[in-house]
Amino acid sequence: MDVRFINPFLEGTMSVLRTMAFIEPRPGKPYLKKNNVAQGDISGIIGLTGDVRGSLALSFSERCIMKIVSNMLGEEIKSMNGDIKDAVGEITNMVSGVARKKLEGMDLTISAAIPTVVSGKNHSILHVLGGPSIIIPFETDHGPFVVDVCLNA
Amino acid sequence: MEKKISILVVDDFATMRKVIRNLLKQVGYENIVEAENGEAALSVLKSRKVDLIISDWNMPTMSGYELLKAVRADDELQKTPFLMVTAEALKDNVVQAVKAGVSNYIVKPFTAEVLNDKISQIFKKTAS
């Protein structure tokens, strides 16, 4: 996968969490992932088609996503409820939107499908292209999450 | 502009409606009603006066774009200010929304301040 396509997803993730949840995530070094086991407890995944094809997933640890959603809603969330599931889908959608806008600046037109959300310990992330995928790990003061991207570019 | 205006927030995700409601409250708007898609929004609009519609673009049943066209085609509702919320500022979508008569649009993610500015711009245009 062309590394130029990593930055739009990295920047999109930071922009969404900074703006909507007032959280400043710290990106780590990207690495290649060859299996489909999720790195977090709940994941949003969205298919991408057009000039670039593939999928994007965001996978959050429980503590991290509860803090993110609490900040987004302005009320403390204490359990993994339906609000969390909705929010993970919406965050995935927003990150995809920001990244696609940035890719449009590189003359690439990309459409997105409707995001799906999967949860549970060691759940699977099934990328449209099967894999392997690039993982961008992030740390926050409230636990880790990863961006997991698999593109045919 | 009066912060007492009534605002209809339309989004298929209940969580996103809560997020927008929370942002609106941060900048002083308290009179908020909600609908989960374009069809439900039209029912609300037929039953009560609404001063501003804030609608997501992508929704099942009836999208924000279809709701916008329905509002602009309705003699009683056509002047209602309409703020479109979208996750993508792709050129074609923006042109499409402007042609259909959108009052303003806002791209996710956004802060309470940006939302407030967009609403103020709409009412300044309406007043002039």
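The values are calculated or read from the model by the stated rules, or taken from the named source; none is laboratory data. Small disclaimer: the values here were computed from a predicted structure and weren't measured. In this analysis, Cβ positions are derived from the backbone assuming ideal geometry, glycine residues included, and neighbour counts consider all displayed protein chains.
Would you check if there is a residue in the stretch A:122-133 being more than 14 Å from every other protein chain (Cβ to nearest Cβ), part of a strand (DSSP E or B) and either modelled with pLDDT under 90 or more than 20 Å from B:Val107 (Cβ to Cβ) (or both)? Yes, there is a match, as at least one residue in the stretch A:122-133 is more than 14 Å from every other protein chain (Cβ to nearest Cβ), part of a strand (DSSP E or B) and either modelled with pLDDT under 90 or more than 20 Å from B:Val107 (Cβ to Cβ) (or both). Among the residues of the stretch B:52-76, the ones that are in contact with a strand residue (DSSP E or B) (Cβ under 9 Å, 6 or more places away or on another chain) and either closer than 21 Å to B:Leu24 by Cβ or polar (S, T, N, Q) (or both) come to 13 in all.
Please tell me if A:Asp148 is in contact with a strand residue (DSSP E or B) (Cβ under 6 Å, 6 or more places away or on another chain) and of a type in the set (Asp, Glu). The answer is yes for A:Asp148. The residue that is surrounded by the fewest Cβ atoms within 10 Å (Cβ to Cβ), counting only those in the stretch A:42-59 that are of a type in the set (A, V, I, L, M, F, W, C) and under 19 Å from A:Val88 (Cβ atoms), is A:Ile46.
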